[in-house]
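Participant: Okay, handing you the structure first.
The values are calculated or read from the model by the stated rules, or taken from the named source; none is laboratory data. What you see is a predicted model; the values in this text were computed from it and never measured. Reconstructed Cβ throughout: ideal geometry from the backbone, glycine too, with neighbour counts over all protein chains shown.
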Amino acid sequence: MSGGDLYREHIFDHYKNPRNYGVLADADTVSEDANLSCGDEVEFYLKFDGNRISDIRFTSRSCAICKD
């Protein structure tokens, strides 16, 4: 399997099974950003335990590469 095939397989796996995807209802911080050139939109949700991030989630309206 070539490097390109492994990369495509990795991207497809994350697209089908995104890690940490979803809304974090009790988030301490929510941030959003967009790539105006392609239309991708991403929101990040963070929960803190003191100075440490204890949970992180994201949602997006984007292509497969943005979910990787």
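Participant: Those residues that are touching a helix residue (DSSP H, G or I) at 6+ places or on another chain (Cβ under 7 Å) and among the hydrophobic types (A, V, I, L, M, F, W, C), I need them from segment 13-54; list them, please.
Facilitator: Within segment 13-54, just Val42 meets the criteria.
Participant: Ok, one more. Please enumerate the residues belonging to segment 31-54 that are touching a Ser or Thr at 6+ places or on another chain (Cβ under 7 Å) and either among the hydroxyl-bearing types (Ser, Thr, Tyr) or touching a residue at least 24 places away in the same chain (Cβ under 8 Å) (or both).
Facilitator: Matches in segment 31-54: Asp40, Val42.
Participant: Now a separate question. So the check is Cβ under 8 Å with 6+ separation or different chains; which pairs have a first residue in segment 10-25 that's closer than 10 Å to Ile56 by Cα and a second one that's surrounded by 11 or more Cβ atoms within 10 Å (Cβ to Cβ) and at pLDDT below 80?
Facilitator: Listed pairs, sorted by first residue: Tyr21/Lys67.
Participant: Any idea how many residues of segment 40-64 are surrounded by fewer than 16 Cβ atoms within 10 Å (Cβ to Cβ), out of contact with any Phe, Trp or Tyr (no Cβ under 6 Å at 6 or more places or on another chain) and among the hydrophobic types (A, V, I, L, M, F, W, C)?
Facilitator: Count: 4.
Participant: Mind listing just one residue for me: the one in segment 21-37 that is surrounded by 11 or more Cβ atoms within 10 Å (Cβ to Cβ) and part of a loop (DSSP other than H, G, I, E, B) and, of those, nearest to the chain's Cα centre (by Cα)?
Facilitator: Per the stated criteria, the residue is Val23.
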